[in-house]
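What follows draws every value from the coordinates through simple rules; no lab data is involved. Predicted model, so just to flag it, every value in this text is computed and none were measured. As a convention, Cβ positions derive from the backbone with ideal geometry for all residues, glycine included, and neighbour counts pool all protein chains shown.
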Amino acid sequence: MRSALLIESVERELSRFLDRHRAVLTGVHSDLAMLADAARQAVLSGGKRLRPTFAYWGWRSVQPDGALGEEQLIRAAAGLELLQACALVHDDVLDSSDTRRGQPAAHVRFAGQHRDHGWPGPAEGFGDAAAILLGDLLLSWSEEMFRDAIAGLGADRAGAAGNHFDLMRTEVVAGQFLDVLAQSRGAFDPDEALRVIAFKTSKYTVERPLLIGATAAGGAERLLGSLSSYGQALGEAFQLRDDLLGVFGDPDLTGKPAGDDLREGKRTLLVALAAELADPAQLRVVDAGVGDPELTADGVRRLREVLVDTGARDRVERRIADRAAAAATAIDSETLVLPDAARALLGLAQAAAHRSF
């Protein structure tokens with residue numbers, strides 16, 4: 001299945017699921033249409049659909065195109081996007097981010113509805129509370145959609161895939177907590193930054209989805225080991241590219257204002273390396289600017305100069321190339337991965353390393 005057709009299938013499954021559950025919510029009370037509409041916006045307003053894509057190619061590493069069970073796997077993989085929508089909604093509350101994919105974040109949208117209706121009390125409080133509940137609902141729905149679909153593959157394969165789905169949810173929360181902890185401690189630690197990436201991105205975005213697909217397909221242990229190696233390496237490359245785009249990217253492409261990661265005080269490898277390599281004057285710029293919510297465009301510019309002049313940006317670029325190459329090696333050396341899947345995974349490794357959004 002071509003990438004465009006896969007994404008169309010995922011979008012169709014998500015739309016059908018959301019339509020059914022909108023009817024459930026509005027059957028409880030008409031006011032819940034607001035929540036249903038917000039869920040649809042959070043899920044269907046864009047996104048790369050990486051997790052379903054990797055789940056599909058994990059499946060196709062074992063099974064040929066159109067094999068029995070592929071439809072159930074795609075439906076289960078679509079459920080991973082409900083988990084991702086939950087994570088993004090909650091992440092925007094945690095980071096006080098105003099936008100997501102170029103549109104108002106869920107908590108901002110809810111706060112705006114509060115103001116539009118002239119309700120009493122603080123609009124921001126309602127916005128945060130409603131967004132947290134929206135994220136909780138999406139988390140619940142992800143479990144429902146995944147389990148209902150994967151059950152059609154039989155108890156053994158469904159159980160194995162479900163175990164990876166359980167670990168995926170635990171690991172992403174663990175990574176998110178480690179990220180919040182790193183920001184609260186205020187230190188710039190490259191090892192800590194890589195640990196956050198391992199759980200918040202590598203396992204969540206690439207490794208576990210691949211293993212969900214491959215175990216659902218009945219993949220052998222040797223193949224699963226190679227997919228794990230690929231996922232860990234590529235997930236790191238993907239996140240490091242994301243960190244660079246958060247500082248140096250084009251907002252028209254990324255959908256977020258350039259420099260927001262600096263204002264939010266994210267302890268990325270990029271920033272940690274700059275702090276480690278900086279001279280005293282440069283370190284003062286880093287200490288003063290990273291985590292300042294009022295950081296001006298000029299402040300962002302000065303921080304960018306430090307990130308470049310210390311060599312931190314070049315080091316991250318080299319690590320991205322190294323990790324993308326390691327991902328390719330894991331697939332090239334694995335003769336058990338079916339050829340179509342190997343080609344697709346190699347292409348995804350290149351795309352992740354060199355993307356601009």
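Per-residue Cβ neighbour counts within 10 Å put I197, I212, I74, I132 in the sequence I132, I74, I197, I212, beginning with the fewest.
Helix content alone sets the calculated 222 nm mean residue ellipticity of the chain: runs of n ≥ 4 DSSP H residues at -39500 (n - 2.57) each, divided across all residues, give -25000 deg cm²/dmol. Amide H of Q103 versus every other amide H placed in the peptide plane: which residues, excluding those fewer than 5 positions away on the same chain, fall under 5 Å? Long-range HN contacts for Q103: none found. Sorting R20, R315 by the number of Cβ atoms found within 10 Å of their own Cβ, with the fewest placed first, yields R20, R315. The phi torsions of the range 199-216, fed into the Karplus equation with coefficients 6.51, -1.76 and 1.60 and a -60° offset, translate into couplings of 9, 7, 10, 4, 6, 6, 8, 10, 4, 5, x, 4, 6, 4, x, 5, 6, 4 Hz, rounded to whole numbers, with Gly and Pro shown as x. Taking θ as phi - 60° and the Karplus parameters 6.51, -1.76 and 1.60, the scalar couplings of the range 37-54 work out to 5, 5, 5, 4, 4, 5, 8, 10, 8, x, x, 7, 6, 5, 5, x, 4, 5 Hz in sequence order, x denoting glycine and proline.
With neighbours defined as other Cβ atoms within 10 Å of a residue's Cβ, the residues L5, L227, L338 order from fewest to most as L5, L338, L227. Residue separation of V28 and S96 scaled by 0.36 nm, minus their Cα-Cα distance, works out to 21.4 nm of gained length.
Per-residue Karplus couplings for the range 289-294, computed as 6.51 cos²θ - 1.76 cosθ + 1.60 with θ equal to phi - 60°, are listed in order as x, 6, x, 8, x, 9 Hz, Gly and Pro entered as x. Springs between Cα atoms under 10 Å define the GNM used for the chain, and in it the highest mean-square fluctuation of V300, V28, V196 occurs at V28. Expressed as a rounded percentage, what relative contact order does the chain have, with Cα pairs under 8 Å and six or more residues apart? About 19 percent, as a whole number. Compactness of the range 3-354 was expressed as the Cα radius of gyration divided by 2.2 N^0.38 Å, which yields 1.02. Grab the chain and count how many Lys pairs have their alpha-carbon atoms under 17 Å apart, sequence gap of 8 or more, or different chains. Lysine pairs meeting both conditions in the chain amount to 5. Centre-to-centre, using Cα atoms only, the range 88-139 and the range 295-352 are separated by 32 Å. Estimated from the Cβ-Cβ distance and a Förster radius of 22 angstrom, the FRET efficiency linking D189 and R302 is about 0.45. Within the listed set F199, F177, F238, the residue fluctuating most in the Gaussian network model of the chain (springs between alpha-carbon atoms under 10 angstrom) is F177. Computed over the chain with a Gaussian network model linking Cα atoms closer than 10 Å, the most mobile of R75, R12, R185 is R185. Summarising the amide proton neighbourhood of G154: residues at separation of 5 or more, or on other chains, whose placed amide H is nearer than 5 Å comprise an empty set.
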